[in-house]
1. Is there a pair in Lys270/Lys291; Lys130/Lys309; Lys206/Lys309; Lys137/Lys270; Lys206/Lys270 whose C-alpha atoms are over 20 Å apart, and which pairs would that be?
2. Using θ = phi - 60° and the Karplus form 6.51 cos²θ - 1.76 cosθ + 1.60, what ³J(HN,Hα) does each residue of the range 271-283 get, whole Hz, x for Gly and Pro?
3. How long is the gain from Tyr293 to Val280 if the chain were fully straight, where each residue apart is worth 0.36 nm and the alpha carbon distance is subtracted?
4. Tally Lys and Arg at +1 and Asp and Glu at -1 over the other residues with C-beta under 10 Å from the C-beta of Phe246: what net charge comes out?
5. Using the Karplus curve 6.51 cos²θ - 1.76 cosθ + 1.60 with θ = phi - 60°, work out ³J(HN,Hα) for each residue of the range 151-159 in order, rounded to whole Hz, and write x for Gly and Pro.
6. In nm, to one decimal, how far is the Phe92 label point from the Asn79 one, both placed 7 Å along Cα→Cβ?
Amino acid sequence: MYSPHSTKPSHPTCHPRLPHDTKFADPLPFAFLVETLRPPKALTQRRKASSSTATAYSRNSRRASQSQSHSEFPFWQQNWFLVLLFLVAMAFFALAIFLFLGLNMDDWSPSSATAASSEGVEITYGTTLKLMHERTKFRLHSHDVPYGSGSGQQSVTGFPNVDDSNSYWTANVYIFSGLCRYLPGSFGFLYGNLLIVRPVPGTSAKQGDTITTGTIIRLQHMRTRKWLHSHLHASPISGNLEVSCFGGEHDSDTGDYWRLMIEGSGKTWKQDQRVRLQHVDTGGYLHSHDKKYQRIAGGQQEVCGIREKRADNVWLAAEGVYLPVTESK
């Protein structure tokens, strides 16, 4: 039984009751919790700003890397340069076709020239040939390299290779316009270093005329247009008469004159016929020997002039393109 004066429950299993005036705190409102868990507005704005900044920076970085990757290539690998190079190449190709079609072939045709391959072919003015030293088999050669001593003029040497284009010499310049088309493969590209055998000024000799023993001729280097020349300067190795290339198309003197002397009973110069070339001014014979250069023209042998007749003075007309003999009317 419950007694108003008793503080203990009458039944042991009952929970104690709280006084009527006991007040509980109101539960936290939901809005307050949401606001509490939400990040501050300033922080959110800073994050948005930093995100947009990072995006812009990424875009700029990509653009910079692309432009840098383009600028890393040298100019000759740029597209504009390759296009320009292609256009220039096409222009040169068109010019070559134009010149090829525009050559005057009247003075030089396959029927009027013979690539010498047999003995006994007569040599005429206008013939393009190589002079071979009989004993060493080296070809008379020149290139645009001056002597380091003596006259300092363009050097002349003996060259061992048969198919070297710098060993060709020709007679009479009138074949020049069509020469490059009908040279055999061993003549090299275009004119190479060809010799032009020409008559001395003041004679009546013309293209296609034969050349007899005792005739004074000139030999012109086809590529550099200079003349086979000699004088009293000492040759670099042996100290004999220096042989050089000198002058130009319209610049020639008696230092370019050579007398053709045929060995044996023949009177007319023919291919594979033994000949000597004697320099008119000095009296020296065109000569070569086993003495070779070691530096600039390494492996090439000296060509010089010697006043005595020797076995090393003998030369032969070897490879060449020979014009036919002009029939006298």
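Only the coordinates and a few stated rules stand behind these numbers; no lab work does. Everything quoted here is computed from the prediction, not taken from an experiment. Cβ sites come from the backbone with ideal geometry, for glycine too, and all protein chains shown count toward neighbours.
1. Numbers: Lys270/Lys291 29 Å; Lys130/Lys309 22 Å; Lys206/Lys309 30 Å; Lys137/Lys270 18 Å; Lys206/Lys270 17 Å.
Result: Lys270/Lys291; Lys130/Lys309; Lys206/Lys309 exceed 20 Å.
2. Using θ = phi - 60°, the values come out as 4, 6, 9, 6, 9, 10, 10, 9, 6, 5, 5, 9, x Hz.
3. Details: separation 13, 0.36 × 13 = 4.68 nm, distance 2.69 nm.
Full extension from Tyr293 to Val280 adds 2.0 nm.
4. Around Phe246, the charge tally is -2.
5. Coupling constants for the range 151-159: 6, x, 7, 4, 6, 10, 9, x, 10 Hz.
6. 2.5 nm
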